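The values are calculated or read from the model by the stated rules, or taken from the named source; none is laboratory data. Every value quoted in this text rests on a predicted model; they were computed, and no experiment measured them. Backbone-built Cβ (ideal geometry, glycine too); neighbour counts: all protein chains shown.
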Amino acid sequence: MNNSLLINATLDQPGLLENLVEKLAQRHSDTGYGKAVVPRNWKVVDTSSTDTFVSGTIAIKGDNEVINMPFITRFLFTCIKEKKDAYKLEWSFSLC
């Protein structure tokens, strides 16, 4: 028996989440990390993280039924910045 599932997540306020992550990536503080002494071939990076609640609906579609399940969970977003570069979103994951 070969069953397939299609799982789709819809966020309640994607624009608000996008705005939060963009503000995180545009942070303009210098913590002095660029002056750190590190071994040759290593890179110094600065990190910037924030966590927030994300809500929406997960739709699970099977062969003959659809289950819509609301969710609310915390996500952690982390940006990194190398010397003289802009912050870039590096990873995000659910904390629940």
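Observations, loosely collected:
- Members of segment 10-65 that are among the polar types (S, T, N, Q) and either modelled with pLDDT under 90 or surrounded by 14 or more Cβ atoms within 10 Å (Cβ to Cβ) (or both): 19, 26, 29, 31, 41, 47, 48, 49, 50, 52, 64
- Residue match in segment 78-87 (condition: within 18 Å of the chain's Cα centre (by Cα), closer than 17 Å to residue 15 by Cα and in contact (Cβ under 8 Å) with a residue 40 or more places away in the chain): no
- Scanning segment 66-75 for residues that are within 18 Å of the chain's Cα centre (by Cα) and over 30 Å from residue 86 (Cα atoms), we see that the one that is surrounded by the fewest Cβ atoms within 10 Å (Cβ to Cβ) is 72.
- Of all residue pairs spaced 6 or more apart or on separate chains, those with beta-carbon atoms under 9 Å, a first member in segment 15-39 that is closer than 20 Å to residue 93 by Cβ and a second member that is modelled with pLDDT under 80 and outside any helix (DSSP H, G or I) are 25/86.
- Every residue from segment 46-72 that is in a strand (DSSP E or B) and closer than 20 Å to residue 5 by Cβ: 56, 57, 58, 59, 60, 61, 66, 67, 68, 69, 70, 71
- Of all residues making up segment 76-96, the number that are surrounded by 14 or more Cβ atoms within 10 Å (Cβ to Cβ) and in a loop (DSSP other than H, G, I, E, B): 1
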